[in-house]
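**Q** Here it is, the structure in full.
The values are calculated or read from the model by the stated rules, or taken from the named source; none is laboratory data. Nothing here was measured: the structure is a model prediction, and the numbers come from that model. Quick reminder, even Gly has a Cβ in these numbers, built from the backbone with ideal geometry, and neighbours come from all protein chains shown.
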Amino acid sequence: MKKIASFTIDHTRLSRGIFVSRKDEVGGDVVTTFDVRMKEPNREPALGQGALHTIEHLAATFLRNHPTWADKVVYWGPMGCLTGNYLLLKGDLTSADVVELMKETYRFIADYEGEIPGATARDCGNYLLQDLPMAKWEAAKYLHEVLECMEECNLVYPA
């Protein structure tokens, strides 16, 4: 079986950042998939499941209500390896195009107070698996250590 593109990235050299994972044509439109990498794979602890689940709820809600980007959002969701998230947006985009959007998103999460959107038995398949304090901590860490000081290694996959 052919190895999928995301398994060809050298994860031993991958930094935290925002990377274009792939671009697909869907119904005549380009959909860009972003690898929003919050942790260095295999070199630092993965995100806790509750924190990542909360980040998913908050980011998805924020992005789908964003005044500029809402109509371009296709999907936001966690990576199975628990080191980040995937963001799919309509449009032929670069990593640099979404840095400000990700700053807004992670600032929203870091500063969030209140009930987690969709965290009820009616709305979510595992609503008790939430950790708002750790989600806020992880979001602030990523915002301050990565998003606010982006470099080329945080925007382009290693060769």
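**Q** Could you please let me know if GLU25 is within 13 Å of GLY84 (Cα to Cα) and not small (Gly, Ala, Ser)?
**A** Details: within 13 Å of GLY84 (Cα to Cα): no; not small (Gly, Ala, Ser): yes.
When the stated conditions are applied, GLU25 does not pass them.
**Q** Among the residues of region 70-98, which ones are assigned to a strand (DSSP E or B) and either of a type in the set (Ser, Thr, Tyr) or farther than 13 Å from ASP35 by Cα (or both)? Give the derivation first.
**A** Within region 70-98, the first condition is being assigned to a strand (DSSP E or B), and the residues that meet it are 73-78, 84-90.
The answer is VAL73, VAL74, TYR75, TYR86, LYS90.
**Q** Continuing with the same structure: Of the residues GLU44, GLU40, GLU56, which is touching a residue at least 40 places away in the same chain (Cβ under 8 Å) and either touching a Lys or Arg at 6+ places or on another chain (Cβ under 9 Å) or not aromatic (Phe, Trp, Tyr) (or both)? Break it down into steps so the answer makes sense when it comes.
**A** Numbers: GLU44 fails: touching a residue at least 40 places away in the same chain (Cβ under 8 Å); GLU56 fails: touching a residue at least 40 places away in the same chain (Cβ under 8 Å).
Testing whether each residue is touching a residue at least 40 places away in the same chain (Cβ under 8 Å) and either touching a Lys or Arg at 6+ places or on another chain (Cβ under 9 Å) or not aromatic (Phe, Trp, Tyr) (or both) leaves just GLU40.
**Q** I've got another one for you. Within region 98-119, can you find the residues that are in contact with a Lys or Arg (Cβ under 8 Å, 6 or more places away or on another chain) and surrounded by 17 or more Cβ atoms within 10 Å (Cβ to Cβ)? Let's see the steps before the verdict.
**A** In the first step, residues of region 98-119 are kept if they are in contact with a Lys or Arg (Cβ under 8 Å, 6 or more places away or on another chain); the result is 109-112.
Across region 98-119, the qualifying residues are ILE109, ALA110, TYR112.
**Q** I've got another one for you. Mind counting the residues in region 119-159 that are of a type outside the set (Lys, Arg) and in a helix (DSSP H, G or I)?
**A** We begin by selecting, within region 119-159, every residue of a type outside the set (Lys, Arg); these are 119-121, 123-135, 137-140, 142-159.
Restricting the remaining residues to those that are in a helix (DSSP H, G or I) gives 132-135, 137-140, 142-145, 147-149, 152-154.
Number satisfying all stated conditions: 18.
**Q** Restricting attention to region 31-61, report how many residues are assigned to a strand (DSSP E or B) and in contact with a helix residue (DSSP H, G or I) (Cβ under 7 Å, 6 or more places away or on another chain). Lay out the reasoning, then the answer.
**A** Taking region 31-61 and keeping what is assigned to a strand (DSSP E or B), we get 31-37.
Filter once more, so that each one left must be in contact with a helix residue (DSSP H, G or I) (Cβ under 7 Å, 6 or more places away or on another chain): 34, 36.
Residues flagged as assigned to a strand (DSSP E or B) and in contact with a helix residue (DSSP H, G or I) (Cβ under 7 Å, 6 or more places away or on another chain) within region 31-61 amount to 2.
**Q** Oh, and also: If you take the residues of region 54-74 that are surrounded by fewer than 19 Cβ atoms within 10 Å (Cβ to Cβ) and of a type in the set (Ser, Thr, Tyr), which of them is farthest from ILE109 (Cα to Cα)?
**A** THR68
**Q** Suppose we filter GLY50, GLY84, GLY80 for residues that are out of contact with any strand residue (DSSP E or B) (no Cβ under 6 Å at 6 or more places or on another chain), among the small types (Gly, Ala, Ser), closer than 28 Å to GLU113 by Cα and in contact (Cβ under 8 Å) with a residue 12 or more places away in the chain; which single one remains? Let's see the steps before the verdict.
**A** On the way: GLY84 fails: out of contact with any strand residue (DSSP E or B) (no Cβ under 6 Å at 6 or more places or on another chain); GLY80 fails: in contact (Cβ under 8 Å) with a residue 12 or more places away in the chain.
That would be GLY50, the only listed residue that is out of contact with any strand residue (DSSP E or B) (no Cβ under 6 Å at 6 or more places or on another chain), among the small types (Gly, Ala, Ser), closer than 28 Å to GLU113 by Cα and in contact (Cβ under 8 Å) with a residue 12 or more places away in the chain.
**Q** Please count how many residues of region 120-135 are surrounded by 15 or more Cβ atoms within 10 Å (Cβ to Cβ) and either touching a strand residue (DSSP E or B) at 6+ places or on another chain (Cβ under 6 Å) or among the acidic types (Asp, Glu) (or both).
**A** Residues meeting the conditions: 1.
**Q** Scan (1) among the β-branched types (Val, Ile, Thr); (2) modelled with pLDDT under 95; (3) under 11 Å from the mean Cα position of the chain (by Cα) for the single condition THR12 breaks and write down its number.
**A** (3)
**Q** Could you go through region 103-112 and let me know if any residue there is touching a residue at least 40 places away in the same chain (Cβ under 8 Å) and either in a loop (DSSP other than H, G, I, E, B) or polar (S, T, N, Q) (or both). I'd like the intermediate steps shown before the answer.
**A** Within region 103-112, the first condition is being touching a residue at least 40 places away in the same chain (Cβ under 8 Å), and the residues that meet it are 103-106, 108-109, 112.
If we keep only those that are either in a loop (DSSP other than H, G, I, E, B) or polar (S, T, N, Q) (or both) as well, we get 105, 112.
Yes, some residue in region 103-112 is touching a residue at least 40 places away in the same chain (Cβ under 8 Å) and either in a loop (DSSP other than H, G, I, E, B) or polar (S, T, N, Q) (or both).
**Q** Could you list all residues from region 1-17 that are of a type outside the set (Lys, Arg), over 24 Å from LYS103 (Cβ atoms) and touching a residue at least 40 places away in the same chain (Cβ under 8 Å)?
**A** Scanning region 1-17 gives a single hit, ASP10.
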